[in-house]
Structures are given as C-alpha cells and as structure tokens.
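Enquirer: Can you keep this structure in mind? I'll have questions shortly.
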Amino acid sequence: MKTSLMVAALLAATALTSANAATVTFTVREDGGAVTTLNTGQDFATAGPVTIGDFRVSATGTAQGALPNPGFLLSGQTIDLQTTALGSHTLDIQVLGVGLSGPNSLQTLASSFDTTALSAGWTATIASDINNNIIASHVFPGGAASGFDIATSNFLPTTYNASIDFHIVTNGAGGANLGGTLTTPGQFNAVPGPIAGAGLPGLVMAMIGLFGLNRRRRNRLAA
C-alpha cells in the first residue's frame, strides 16, 4: 500500500511539472561576436565541456515552470571556464528560462550570485533578468571568492522569461567558477520536484548542481 501511494504521488508531481514545464537554454558569445547555443532542455540542461573560441566551458542550469513559494525559479550553476589565450577578451554566458508561469502580481524575488577561482585581473558581472529587464547585478573582481545576495520586488505575469547573465572580462590565461540563482525568499536553492522527461538521472544532476553552489558558498564564507 505504501509503495502504491508513493508511486501515485510521484506520478502526480511529474504530471504537475509537465503541465508547467519551462525550457532552459545556454548561450555563449566571445568578444561580442556571434551567439552560440550550447544546449536546450526542459526544466534542466547541462552544457559542455565544450571549446568556444579561446574558452573551454561547462555549465549546469535548471528552471522551474511554476512559481513555488518559497523556492527556486532559475539557476545557472557550476559555470566553469578556462582559457590559455593572452591579452584581454570578453565572454558572455546566458542561462535563459523560457515559459515560466507567474501569478500575474508583484512578487519579492531573491538574486544570489557567487564566484570562486576567478583569476586575478579578471572581472565577472553577474545579473538576473525578467523579460529583458535587469533586476539585480553585481561586479566581482578576480583574486578572491565572493558572493552577493539581494531581494527585489518585481511583477511576474502569467507567463514570463528569466535569465542569469554572466559577463567575464579576462586578462591573460586563467579560469573561473561562477554561479547564480533566482528564487522566492525564504529558501535559497530549494531542490525542484521531479523533472519531466529527465527521470532519476536528471534529478540527481540537478541536485548535484545545487549542492555544488551551496558548497562554493560555504567555502567562500569560511575563507
């Protein structure tokens, strides 16, 4: 009986997620050139490691189609990049969630950004965006782990898009590990429900990405 109830609950949760599915897409652009789409998935996607121009990039992202309260809306995590290129270059990485379902009302949203292993002399600007309107942004200098959290009040229509945007300015060879999340207050980085179409492997990967971001924060605070 308990097994039957658990299966029924899992199927119901999966059906709810399917009805409110969002897509998550990774794009990359070097030195203001052409935009390259790395990967697109439903609710969850990974990208790389892949070489784009002078950079080697890997990333994990998750989007939640329905508005939880409190909980997680969009996340770009484990954004790892490396380059051996000399001189100064720019790299823009976007984690875009499309088709998120909103309450058609004002909501308090929390943006949380962090960097670790950002090479000295580099800078990283991380921003959160709702329907092409930046709601929070912070510039991180290289050389030390750092984090930034801010709450804002924003109108969420019945359907909207959100993004986490990373703009990195390099100065010679090096690397970085970056992360950003957009949540409703009260619970940072809450693990989303079952991911439609992804099964257990997708859910496990999403949890690994979320735990990785929390671990980087703990390391940053302990430093």
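Enquirer: Quick check: anything in the range 109-116 in contact with a Pro (Cβ under 8 Å, 6 or more places away or on another chain), touching a residue at least 60 places away in the same chain (Cβ under 8 Å) and small (G, A, S)?
Expert: yes
Enquirer: Further question on the same structure: If the requirement is being surrounded by fewer than 19 Cβ atoms within 10 Å (Cβ to Cβ), of a type in the set (G, A, S) and either under 30 Å from T170 (Cα atoms) or modelled with pLDDT of 75 or more (or both), which of these qualifies: S4, S18, S75, S101?
Expert: Numbers: S4 fails: either under 30 Å from T170 (Cα atoms) or modelled with pLDDT of 75 or more (or both); S18 fails: either under 30 Å from T170 (Cα atoms) or modelled with pLDDT of 75 or more (or both); S75 fails: surrounded by fewer than 19 Cβ atoms within 10 Å (Cβ to Cβ).
Among S4, S18, S75, S101, only S101 is surrounded by fewer than 19 Cβ atoms within 10 Å (Cβ to Cβ), of a type in the set (G, A, S) and either under 30 Å from T170 (Cα atoms) or modelled with pLDDT of 75 or more (or both).
Enquirer: Would you confirm whether any residue within the range 72-80 is part of a strand (DSSP E or B), farther than 12 Å from A162 by Cβ, hydroxyl-bearing (S, T, Y) and within 15 Å of the chain's Cα centre (by Cα)?
Expert: Just the residues of the range 72-80 that are part of a strand (DSSP E or B), to begin with: 72-80.
With the extra rule that they be farther than 12 Å from A162 by Cβ, the set shrinks to 77-80.
Next, only the ones that are hydroxyl-bearing (S, T, Y) stay: 78.
Cutting the leftovers down to within 15 Å of the chain's Cα centre (by Cα) gives us 78.
Checked the range 72-80: at least one residue is part of a strand (DSSP E or B), farther than 12 Å from A162 by Cβ, hydroxyl-bearing (S, T, Y) and within 15 Å of the chain's Cα centre (by Cα).
Enquirer: Further question: Looking at (1) outside any helix (DSSP H, G or I); (2) modelled with pLDDT under 90; (3) surrounded by 18 or more Cβ atoms within 10 Å (Cβ to Cβ), which is the one condition that is false for R217?
Expert: (1)
Enquirer: Now a separate question. Condition check: farther than 20 Å from T183 by Cβ, at pLDDT 80 or above and among the aliphatic types (A, V, I, L, M). Does V35 satisfy that?
Expert: Numbers: farther than 20 Å from T183 by Cβ: yes; at pLDDT 80 or above: yes; among the aliphatic types (A, V, I, L, M): yes.
Yes: the conditions hold for V35.
Enquirer: Would you confirm whether any residue within the range 155-167 is in contact with a strand residue (DSSP E or B) (Cβ under 6 Å, 6 or more places away or on another chain), buried (at least 21 other Cβ atoms within 10 Å of the Cβ) and over 26 Å from S105 (Cα atoms)?
Expert: yes
Enquirer: It is to be established whether one or more residues within the range 146-162 are touching a Leu at 6+ places or on another chain (Cβ under 9 Å) and farther than 29 Å from A21 by Cα.
Expert: Within the range 146-162, the first condition is being touching a Leu at 6+ places or on another chain (Cβ under 9 Å), and the residues that meet it are 146-147, 151-156, 159-162.
This time we only want the ones that are farther than 29 Å from A21 by Cα, so: 146-147.
Yes, the range 146-162 contains a residue that is touching a Leu at 6+ places or on another chain (Cβ under 9 Å) and farther than 29 Å from A21 by Cα.
The values are calculated or read from the model by the stated rules, or taken from the named source; none is laboratory data. Computed from a prediction, not measured in an experiment: that's the story for all the values here. With ideal geometry, Cβ positions are generated from the backbone for all residues, glycine too; neighbour counts draw on all protein chains shown.
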